Every structure is written in C-alpha cells, then in structure tokens.
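The values are calculated or read from the model by the stated rules, or taken from the named source; none is laboratory data. Everything quoted here is computed from the prediction, not taken from an experiment. As a convention, Cβ positions derive from the backbone with ideal geometry for all residues, glycine included, and neighbour counts pool all protein chains shown. Accessible surface areas use protein heavy atoms only, side chains included; no ligands, DNA or RNA. Shrake-Rupley method; radii C 1.70, N 1.55, O 1.52, S 1.80 Å.
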Amino acid sequence: MFKSISRRLTFTYGILFLIAISLIDLILIAVYCQQQYSKTEKIYIQMAEIVSQMTVRNLSFPYFIGNIQNDNSLNGRILILNLNKEVVSDSLNQLNGQIIDNPEVREAYQKQKNAVGYYKQNGNRISMLSHPIFKKNNFAGTVLISYSVSELWKDNLNFSIQVIVISISVLIIILLLTHLIGGKIAHPIRKMTFASLEISNGKVGTTVDIDQKDEIGTLADTFNKMSSELSRIELGRKRLLSSISHEFKTPLASMKALIEPFMEEEQVDPGLLKEHLCYVDSEIERLSKLVKSLVTVTRLEEISPTYTVLDLFSEVNAVIMLLSPMASDKNIFIENNIPSELNILADKDLLREIIINLIDNSIKYGKFNGHISVSAIKSDSYIELAFEDDGIGIKEEDLPYIFDNFYMSNTVRKSGKGSGIGLFMVKKIIELLKWHITAASSPSTKTRFVITIPLVDKPLHN
C-alpha cells in the first residue's frame, strides 16, 4: 500500500498508537465519569438515609426538606412512599396520594436495597435514587429522590472532549516524530538502493557513506565490502579477458607469420620449413600448457581434497628430481633442507602442484649458477614451508598482485616465460586446503614464499 518505509512506519505505528490511546481514553473517561456519578450518588444516599431515619422516628421532616429546598442544595425533589408505593410526603407537595411504580422503586421494594437510574427528560438529564426505609428491621417503604445531573453530564462531556483533544494532539505529535524517525531510518536504505542501482548499471565499486553503529551501519559496511569485491572481480575479469586475448593472440600471430610464406611458394626449402615448424611446435606447446593451466584453475572450483599423511621431504624431493633437468640447463642448485620424517596431512596431487609451480618459477626466473632452497620449520600448531631463491626478484609494486589471475609484471611479460596463471593457481589451492601463503622479495637479490600449514590430527573439511 505504501512504497516508502517512512510512510509505512508512520501508518503502522499510527494505527497502534491510535488503538492504544483510544483504549486508554475510553478507560480514563469511563473511570472518571463513574467516580463523578458515584460521588453524587453517595451525597444523595446520605440525604435519603437522613430522611429515612426521620421518617422511622416520626420526626417532622417537612421543615428539614423545606430548608434543603430553599437553599437549592437539593436540586430536585424528595418523595416518601409507604408499603403500597403511595406517596405520603412530597417535598414539592404535588404528588401526595399518588402511586409511583418506576424501575428504581420496584427494585428497592423487591431487593430492599438502593437503586439508581438515569433518564433524559425534556432535554434535561435526571437521576432517580430509591432508598429503602426499615422500621424495627422491617421494610416500611422507600425514599425516592430525583435530582438533576445535567451539570454533571456537561462536566463529564467537557472532560471527555479535553481528553480526546489532548490525545489527538499527542497522536499527531507521535505521527510526526514517527515520520521523521522513519525518514531517518529509510535515508541510508535509500542511499544503498541508489548505490545498488548504480552497480546494476555497471558502476561497480560504488560505495555508500553511512557512519552508524547499528545494524544498518553493519549492512552498509558489508555493502561497501561487497561492492569493492565486485570491483576487484570485475577488474580481474577484464584483466583475464585482456590477458587471454594477449596470450592467444601473440602465438597465433607468430604461427600465422611463420606459415604464410610457404603457402605462396611452390618450391619450399626443407631446412627453412623444418625450422619454422619447430617454432610453430614450441608455440603450440606453450598454448597447450596455457589451456591446461586454465582448465586446472577452473577445476579447482569443483575439487574436494583427498587428505592423506605425506612425508614432506619425500614429496619435495620427488619434484626436485622431476625438475632437475631444467635446473641443470642454468646450473641452478636445488637444496632440500626439510627434516626427514616430517609428516603433514594434505592432498598429494594438490601439494605437488604447489611445489612444482613454486620451484618451476624459481628456475625460470633464476640466475645462472643460482641457488634454490626448500626448508621447513615445525612449531606446536603449524609448519612453515619456505621456498627461497636468489633470482631476479619481484618489485615492491608488483608484490600485492602476484597471486591475481593472469597478472604479470613488465619484467615477466617481456621475458615471455610466464602466463600469469601459476601463482594464481597456487593461491587457489592454498585457499582450498585452508592454508596460508605469503611472499617477500628484494629485486635482483632473493624471493621467498612461505606456506603456513596447520597441524591437525584429522583431515580438514571445507
């Protein structure tokens, strides 16, 4: 019904306050009016009791009634009725000898107790009070007093009007305050809605400036983090597409350039053809490795690790043996300094993928006659597995991005040796195993990767 939260809050709380105030007003007015009527009834009951006592004692009460009538304190008339409901005395001397049989008289005669009734007559409001007369504990008649309650009714009406006016004023103030509070609550939500529309229109990274220490403030912080993450993902996606385009475009262009000359010649030099085909083969091999890496990265999202107890020294040694021919080409010495019988709980294939990538990088970007060291330190709760080399190093401005997909520094890009996928894949595997990895480097001096492996007695579960 209402699209605005502030209006919805105003309407909802307005209805609740209206119901609450109406109930309070009804109770307050009813209690006040009842008290006023009861107070008046008590006065006339006392007067009726005096008249009843005087009647029982055969005292002359016309003089008493006359005095009351003269000073206007009665504001009505008094009738004395015998057992036959016949008027034996009238303060106005008009109804003597007549039979009175109204509801109050009947109730007093039947139940022998006070009875009160209220009536509207000729625009005036009156009350009838019937009080029983007892003579030697025997019912002997009744005192019937009729008096005007018009002024009392007006006072009660004025009180009711005042209460209602005050309640309406309070309700209006409450509605205004509720609307203002609702608007204040809805304002940050409107800001986040607008920011969401901006993001949906492609402006990822849009944030909101909401400084609140409540649930809305927490929501705003979460929204900003989500937006920043979307911006990072979008940047990564664009970089990924750009890198894929670049990585595929260069070798394809090279292969086309190598093949085109032979398509137009009838006589082909076998030696030159073989040389060009070797170049094509190397480019195809590089593309194959690139595609394989992309497939591996994609599959990491679906892999569930299979944990087994592994000897860390043996696993590292196996990879060193595998990559030793590459290291020999640059006369790089790989040293395994891991203590023997140091066991960890890990997925064998994923662990080997990590070790291969890190040592392979150290070889590719290592110096001739260089040195690579793999070591491990065990503490009470974790193992630190370190890979260190004395290669070309990583510039400080490149360090925060080395684990991003397809990220390559200018040095690596110019060398043509990398694809920007290896370290990204290492990071994904580390996250999958719930480990932690850090990198530190000094350009042209050394590079060090440290993997923190928690010690557990049973396999980890994602």
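Among the numbered conditions (1) assigned to a helix (DSSP H, G or I); (2) at pLDDT below 90; (3) open to solvent by less than 10 Å² (accessible area, probe 1.4 Å), the only one that PRO400 does not meet is (3). Restricting the search to the range 341-361, which residues are in a helix (DSSP H, G or I) and under 16 Å from ILE437 (Cα atoms)? Within the range 341-361, LEU350, LEU351, ARG352, GLU353, ILE354, ILE355, ILE356, ASN357, LEU358, ILE359, ASN361 qualify. Scanning the range 88-99 for residues that are modelled with pLDDT of 90 or more and hydrophobic (A, V, I, L, M, F, W, C) yields one hit, ILE99.
Scoring LEU180 on the criteria (1) surrounded by fewer than 16 Cβ atoms within 10 Å (Cβ to Cβ); (2) under 16 Å from the mean Cα position of the chain (by Cα) leaves a single failure, condition (2).
Of all residues in the range 137-173, those that are open to solvent by less than 40 Å² (accessible area, probe 1.4 Å) and either over 25 Å from ALA48 (Cα atoms) or of a type in the set (Val, Ile, Thr) (or both) total 8.
Residues are listed down the side, and each one gets a yes or a no for (1) of a type in the set (A, V, I, L, M, F, W, C); (2) at pLDDT 85 or above:
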site: ILE377; (1), (2): yes, yes
site: SER381; (1), (2): no, yes
site: LEU385; (1), (2): yes, yes
site: GLU388; (1), (2): no, yes
site: LYS395; (1), (2): no, no
site: SER409; (1), (2): no, no
site: ARG413; (1), (2): no, no
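If the condition is being within 16 Å of SER196 (Cβ to Cβ) and either among the hydroxyl-bearing types (Ser, Thr, Tyr) or in contact (Cβ under 8 Å) with a residue 60 or more places away in the chain (or both), then the range 211-237 contributes THR222, SER227, SER228, SER231. Please tell me if ILE189 is assigned to a helix (DSSP H, G or I) and either out of contact with any Cys (no Cβ under 8 Å at 6 or more places or on another chain) or under 30 Å from GLU86 (Cβ atoms) (or both). Judged against the criteria, ILE189 is a match. Count of the range 315-354 residues, restricted to those that are among the hydroxyl-bearing types (Ser, Thr, Tyr) and under 16 Å from ASP389 (Cα atoms), is 2.
Applying the condition of being open to solvent by 40 Å² or more (accessible area, probe 1.4 Å), within 25 Å of SER160 (Cα to Cα) and of a type in the set (A, V, I, L, M, F, W, C) to the range 27-62 and asking which residue is modelled with the lowest pLDDT yields ILE43.
Total residues in the range 8-26 satisfying the condition of being surrounded by fewer than 16 Cβ atoms within 10 Å (Cβ to Cβ) and not small (Gly, Ala, Ser): the figure is 9. Tell me, which residue of the range 373-394 that is open to solvent by 40 Å² or more (accessible area, probe 1.4 Å), assigned to a strand (DSSP E or B) and not acidic (Asp, Glu) is nearest to ILE453 (Cα to Cα)? Here the residue is TYR382. Only one entry of ILE320, ILE332, ILE303, ILE259 meets the criterion of being of a type in the set (Val, Ile, Thr), over 52 Å from the mean Cα position of the chain (by Cα) and open to solvent by 50 Å² or more (accessible area, probe 1.4 Å), and that entry is ILE259.
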